[in-house]
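Below is one structure, written out as structure tokens; the observations come after it.
The values are calculated or read from the model by the stated rules, or taken from the named source; none is laboratory data. For clarity, every value in this text was computed on a predicted model and none was experimentally measured. Every residue, glycine among them, receives a Cβ derived from its backbone with ideal geometry; neighbour counts consider all protein chains shown. All accessible areas refer to the heavy atoms of the entire protein, side chains included, with ligands and DNA or RNA removed. Shrake-Rupley method; radii C 1.70, N 1.55, O 1.52, S 1.80 Å.
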Amino acid sequence: MTKTMADIAEIMRDIDFTLLTTVTADGSLAARPMSNNRDVDFDGDSWFFAMGDTQLVGDIARNPKVGMTLHGNSSLLGKPPVFVTVAGTAELIRDKAAFDAHWNKDLERWFEQGTDTPGLTLIKVHAEHVHYWNGEEQGEVVP
């Protein structure tokens with residue numbers, strides 16, 4: 001059965017951490033773990049918070065093309081884990097109303113002042129091409 005973007009978004013929502021890959025200033029790739037805080041829209045948009053002075057944000061400002069890699073756990077019934085890769089475009093958002101719309105109380109672990117944290121930046125990744133592997137089932141989705 002071929003999955004829809006809504007199906008993939010549901011899978012992604014159940015996987016808290018992704019490796020978010022950006023293109024650095026010298027053209028190499030850099031990946032770092034990021035929590036999506038289960039904030040994934042049905043059209044494949046994922047949302048992340050970061051500080052504006054990080055390499056991650058600088059990389060996206062120079063080149064918004066990003067990749068995401070997600071790996072879910074094996075099931076209790078011994079089924080293989082699920083893998084999802086996403087190629088997309090990232091957008092940097094510095095709007096407090098958007099911060100409030102996507103804020104999760106768990107984020108205060110990293111951003112003690114909440115949405116008032118100086119330099120806070122919201123990253124929206126719009127999925128443009130998705131591959132998934134779930135046991136013997138695999139496929140791709142272009143939203």
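Model label sites at Asp95 and Lys65, defined 7 Å from Cα along the beta-carbon direction, differ in position by 2.7 nm. Across Met68, Met51, the residue with the most accessible area heads the list, and the full order at a 1.4 Å probe is Met51, Met68.
Placing Thr4, Thr18, Thr85 in order of accessible area, with the largest value first and a 1.4 Å probe, yields Thr4, Thr85, Thr18. Between Glu137 and Gln113, full extension at 0.36 nm per residue minus the direct alpha carbon distance yields a gain of 4.3 nm.
Note on His126: accessible area approximately 70 square angstrom, rounded to 10, probe 1.4 Å, nucleic acids and ligands left out. Leu92 contributes an accessible area of around 40 Å² to the protein surface, as traced by a 1.4 Å probe with all chains present.
If R0 equals 25 Å, the separation of the Cβ atoms of Ser28 and Glu128 corresponds to a calculated FRET efficiency of about 0.70.
Largest accessible area first, the residues Asp53, Asp16 order themselves as Asp53, Asp16 under a 1.4 Å probe with ligands, DNA and RNA left out.
Could you give the semi-axes, largest first, of the ellipsoid that matches region 9-64, computed as the square roots of 5 times the alpha carbon gyration tensor eigenvalues and rounded to whole Å?
They are 23, 11, 10 Å, listed from largest to smallest.
Using a probe of 1.4 angstrom and keeping all protein chains present, the accessible surface of the chain works out to 55 square angstrom per residue. log10 I(q)/I(0), Debye, Cα-only region 102-143, no solvent, q = 0.14 Å⁻¹? Log10 I(q)/I(0), no solvent term: -0.58. Using alpha-carbon positions, what is the distance between the centroids of region 82-116 and region 1-31, in Å? Between the Cα centre of region 82-116 and that of region 1-31, the gap is 15 Å.
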